[in-house]
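The values are calculated or read from the model by the stated rules, or taken from the named source; none is laboratory data. Source: prediction; values computed, not measured. Neighbour counts run over all protein chains shown; Cβ positions are idealised from the backbone, glycine included. SASA here: full protein model, heavy atoms, side chains in, ligands and nucleic acids out. Shrake-Rupley method; radii C 1.70, N 1.55, O 1.52, S 1.80 Å.
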Amino acid sequence: MTDSSLTGKVAYVTGAARGQGRSHCVRLARAGADIVAIDACAPVTEHNGYPPATSEDLAETVRLVEGEGRKILVGEIDVRDLAGQQRIVADAIEQFGRLDIVVANAAVLNWGRLWEISAQQWQDTLDINLTGLWNTVKAVVPPMIAAGNGGSIIAVSSAAGIKAVPGCGHYCATKFGVVGLTNSLAVELGEFGIRVNSVHPYGTDTPMGNDTSIYEMLRDHPGYIHSFSPGALPTDSLIAPDQVSDIVVWLAGPESSLITAAQIPAEKGYLKI
Ligand SMILES: NC(=O)c1ccc[n+]([C@@H]2O[C@H](COP(=O)([O-])OP(=O)(O)OC[C@H]3O[C@@H](n4cnc5c(N)ncnc54)[C@H](O)[C@@H]3O)[C@@H](O)[C@H]2O)c1
């Protein structure tokens with residue numbers, strides 16, 4: 001499929017080594033954008049039940065974006081590193097001359113009841129999922145305003161940022177926080193022509209979405225299963241990252257020009273069940 005609606009644009013994607021972040025890089029590149037991609041490519045918290053991304057994963061993202069005929073600038077940077085994010089954004093402006101699209105996607109998910117998780121587990125999740133997003137905002141917004149081209153910032157939240165889910169209250173707290181940050185930022189950035197929206201996937205086919213440690217939590221607390229119902233559409237399969245990218249590319253482009261401060265579901269109707 002060829003698509004050139006984003007030709008001449010530059011997109012910054014966090015958590016780009018694999019999963020949804022990689023998919024967003026490839027699809028934004030296919031739509032014509034050059035890409036700036038960061039990922040920690042390392043263990044980021046000891047509490048995850050799934051493996052960390054690697055340098056090889058990020059190299060594969062580079063290969064795929066270049067395969068779409070677009071340029072890509074990458075950095076092995078943790079979203080908790082504000083100076084690191086500011087540095088690569090400055091490099092991107094120098095190299096590409098502009099920044100139009102931001103996909104704040106990096107996050108972690110792990111399990112435990114709120115009063116049983118450790119202070120470290122709580123803090124790691126807040127630092128990565130929420131402060132990491134604020135760091136991204138702090139790094140990208142000043143050069144986007146200075147460029148005067150408007151733009152689109154897309155924050156990846158979760159269905160768990162709209163509906164309370166037991167067994168991951170610390171994750172929910174951050175993903176609800178993403179909504180508050182998104183909507184306040186949208187109001188603040190409206191005068192600069194920069195739109196800000198959040199996307200809310202349900203179970204998606206990535207290392208995070210295939211984390212089997214959820215089953216230990218459901219074994220210990222079987223009643224929680226009711227909070228993990230199927231969606232309304234007749235499929236019980238995990239969502240393909242490419243399907244979330246359909247929404248991200250739409251939010252990045254001119255077809256969504258009226259949409260800001262919005263929460264876009266990517267969950268097959270799960271939130272209404
Ligand atoms: N997979 C799901 O079922 C699901 C459901 C709802 C929402 N989400 C959200 O979608 C987004 C993408 O998740 P995914 O499913 O692709 O997971 P994933 O674990 O496959 O990918 C996440 C990427 O983010 C990177 N990352 C994590 N912490 C980082 C940090 N501190 N600094 C830099 N990079 C970091 C990881 O290295 C990894 O490459 C996340 O915001 C997640 O919360 C996922």
*For Val65, work out the one condition from (1) in a helix (DSSP H, G or I); (2) out of contact with any Pro (no Cβ under 6 Å at 6 or more places or on another chain); (3) under 21 Å from Asp124 (Cβ atoms) it doesn't fulfil.*
(3)
*Consider only pairs whose beta carbons are under 8 Å apart and that are at least six residues apart or on different chains; among these, list those whose first residue lies in the stretch 190-211 and is of a type in the set (D, E, K, R) and open to solvent by 30 Å² or more (accessible area, probe 1.4 Å) and whose second residue is in a loop (DSSP other than H, G, I, E, B) and within 8 Å of the ligand (Cβ to nearest atom).*
Asp205/Leu238
*Give the number of residues within the stretch 200-244 that are within 10 Å of the ligand (Cβ to nearest atom) and closer than 14 Å to Tyr270 by Cβ.*
9
_So, in the stretch 13-51, how many residues would count as being closer than 20 Å to Ile88 by Cβ and either of a type in the set (Ser, Thr, Tyr) or part of a loop (DSSP other than H, G, I, E, B) (or both)?_
10
_Restricting to the stretch 225-246, and then to whatever is free of Cβ contacts under 8 Å to residues at least 40 places away in the same chain and exposed (fewer than 14 other Cβ atoms within 10 Å of the Cβ), can you tell me which residue is nearest to Cys168 (Cα to Cα)?_
Ile225
*Within the stretch 159-189, restricting attention to residues that are open to solvent by less than 10 Å² (accessible area, probe 1.4 Å) and of a type in the set (S, T, N, Q), which residue is nearest to the ligand (Cβ to nearest atom)?*
Thr174
_Can you list residue pairs whose Cβ atoms sit under 7 Å apart, with the first residue in the stretch 77-103 being open to solvent by 50 Å² or more (accessible area, probe 1.4 Å) and the second being of a type in the set (Ser, Thr, Tyr) and within 13 Å of the ligand (Cβ to nearest atom)? Count only pairs 6 or more apart in sequence or on different chains._
Arg80/Thr131
